[in-house]
């Protein structure tokens with residue numbers, strides 16, 4: 001999309017795309033390989049995540065992580081969590 005705005009629903013996106021007044025291109029207009037994953041996922045990534053079968057099916061944590069964060073070399077464990085002491089966190 002030209003403006004790179006996010007929309008909560010497909011219907012809102014459709015309304016935006018059909019607007020008479022054309023939106024301005026995003027200053028963020030960077031090639032896909034330079035996109036920041038924190039800016040959201042592309043429609044191609046979303047389509048692959050929604051895929052339930054075929055060659056693009058995501059079956060492992062590593063495949064999922066690599067799809068979402070292609071530039072990260074270090075893949076964290078999906079089971080790693082920091083235990084919280086029984087008394088809760090000490091905030092003072």
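Compared with the alpha-carbon gap, the fully stretched path from residue 15 to residue 79 is longer by 19.0 nm at 0.36 nm per residue. FRET efficiency for the pair residue 50 and residue 86, taken as 1/(1 + (r/R0)^6) with r the Cβ-Cβ distance and R0 = 41 Å, rounds to 0.50.
Computed from the coordinates by the stated procedures, all read-outs in this text should not be read as laboratory data. Since this is a predicted model, take the numbers as computed values, not measurements. Every residue, glycine among them, receives a Cβ derived from its backbone with ideal geometry; neighbour counts consider all protein chains shown.
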